[in-house]
Structure formats: C-alpha cells, structure tokens
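Working notes, structure below.
The values are calculated or read from the model by the stated rules, or taken from the named source; none is laboratory data. As the structure is a prediction and not an experimental result, all values here were calculated from the model. Glycine also receives a Cβ, built like all others from the backbone with ideal geometry; neighbour counts cover every protein chain displayed. The accessibility values were calculated without ligands, DNA or RNA, using every heavy atom of the protein model including side chains. Shrake-Rupley method; radii C 1.70, N 1.55, O 1.52, S 1.80 Å.
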Amino acid sequence: MEVRDAGRQDIDAMLGLLAQVNRVHAEGRPDLFRLGTKYGADELAAILDDPDRPVFVAEVDGRVAGYCFCEVRRMEGDPIRRDATTLYIDDLCVDEGVRGHGVGRVLYGHAVEWARERGFFDVTLNVWECNPGARAFYESLGMVPMKTCMEQVL
C-alpha cells in the first residue's frame, strides 16, 4: 500500500468514494442528507490546488482505495484560546471493498505524521452519531471526544 498526495488523476476515483461516504450519511440521517457527493470534479480540482487543504490517497494494487481530505485551521488572536494550528480531517473514506485491511489506519497515520512534522497542535475531525463504526474506528486510533454538538429536531 502506498499513501501519497492526491492529484487530478485521482478525481474520478475520489468521486466514487465520496458517493460511498455520502450514502452512509444519507441512510443514517435522511432528514439531513441526500444521495450524491459533497464535491464535484471542479471543486475537487480547486481543493487539490489549495495548500491549506491537503488530500492524501492510499493505493492498493495500483488503484485508489481510500482518501483523506484535510484542512489546515489556524486559531490566532482569540481572547481566550491559545494560538494553535490544527489539521482538521474533513473526510476519510476507504473503499467498501477493502475495509478492514488497514487502509484507513494507514491514511490516518499519514495525516497525523504530516501534521506532526509541521508542528501542528492537534488533529481533529467530526463523526456523525449515525455512523457508530466510524466512531469506533477513530476511538481505536486513540481519538477522544473534544466537544459534543447536540440537537433537538423540530
């Protein structure tokens, strides 16, 4: 398995994986999500050009088997919070055909190491409660809840 920076040649594969992720969300919270993808090809191309939005892909047997979309987030000059740079994982997906073979663990580890090498304070992400498998996966990597977002659907 190889993890590398994503490129424009990976857009079609990433679109397929984005559809897989969104299907999980649309099935878990149909009141909030529609089937589709959160980014189109043009948006992906723009993301790939943005140095503050690194994207990594994992290749297995020469094909993209997963991705990790990240955002560099800087907290500076807040009156109560310390200055810090965070690597926010916007989306991590492993192709459903190869889940359970360590691809997600390797992608996550790559993102953590990327942030560590650059002196970031932490790595964060959000996980939907309708996806308990994802939550268990992130907890198995050592992640812990930082804050809780609550809702009351009306």
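Give me the percent of accessible area attributable to carbon and sulfur for the chain, probe 1.4 angstrom.
That fraction is 50 percent.
At what distance in nm do the modelled label points of Arg29 and Asn126 sit from each other, each positioned 7 Å from its Cα along Cα→Cβ?
0.7
Using heavy-atom solvent-accessible surface (probe 1.4 Å) with all chains present, what is the largest-first order of Met1, Met143?
The residues order as Met1, Met143, largest area first.
Got a sec to turn the phi values of segment 84-92 into Karplus ³J(HN,Hα) couplings, 6.51 cos²θ - 1.76 cosθ + 1.60 with θ = phi - 60°, whole Hz, x for Gly and Pro?
Going residue by residue, I get 6, 10, 10, 9, 8, 8, 6, 6, 10 Hz, with x marking Gly and Pro.
Give the residues of segment 89-112 whose amide nitrogen is closer than 18 Å to a point set 7 Å from the Cα of Glu139 in the direction of its Cβ.
Hits in segment 89-112 for Glu139 at 18 Å: 105.
Report the longest stretch of the chain that contains none of the GluC sites (Glu not before Pro) sitting in a DSSP loop with at most 14 other Cβ atoms within 10 Å.
Values: sites that count: Glu76, Glu96, Glu129, Glu151.
Answer from the scan: 1-75.
Determine the equivalent ellipsoid of the chain by diagonalising the alpha-carbon gyration tensor, then write out the semi-axes as square roots of 5 times the eigenvalues, largest first, rounded to whole Å.
Working through the eigenvalues yields semi-axes of 23, 21, 16 Å.
FRET efficiency for Arg8 and Arg81, Cβ-Cβ distance as r, R0 = 35 Å, nearest 0.05?
Numbers: r = 37 Å, r/R0 = 1.04.
Plugging the Cβ-Cβ distance into 1/(1 + (r/R0)^6) gives 0.45.
I'd like to verify something in the chain: which complete DSSP H helices, judged by Cα projection on the helix axis, reach 24 Å or more and average at least -0.5 on the Kyte-Doolittle scale? The partial results should precede the final answer.
Numbers: long enough: 11-28 (26 Å, 0.51).
The answer, listed by residue number, is 11-28.
Counting only trypsin sites (Lys or Arg not before Pro) that are in a DSSP loop and have at most 11 other C-beta atoms within 10 Å, tell me the longest site-free stretch of the chain. List each step's numbers first, then the result.
Numbers: sites that count: Arg34, Arg81, Arg82, Arg118, Lys147.
Between exposed loop sites, the widest span is 35-80.
Looking at segment 95-154, I'd like the Rg to Rh ratio, where Rg is from alpha-carbon atoms and Rh is Kirkwood's inverse mean 1/r.
1.03
Please work out how much accessible surface Trp128 shows to a 1.4 Å probe, ignoring ligands, DNA and RNA, in Å² rounded to 10.
100
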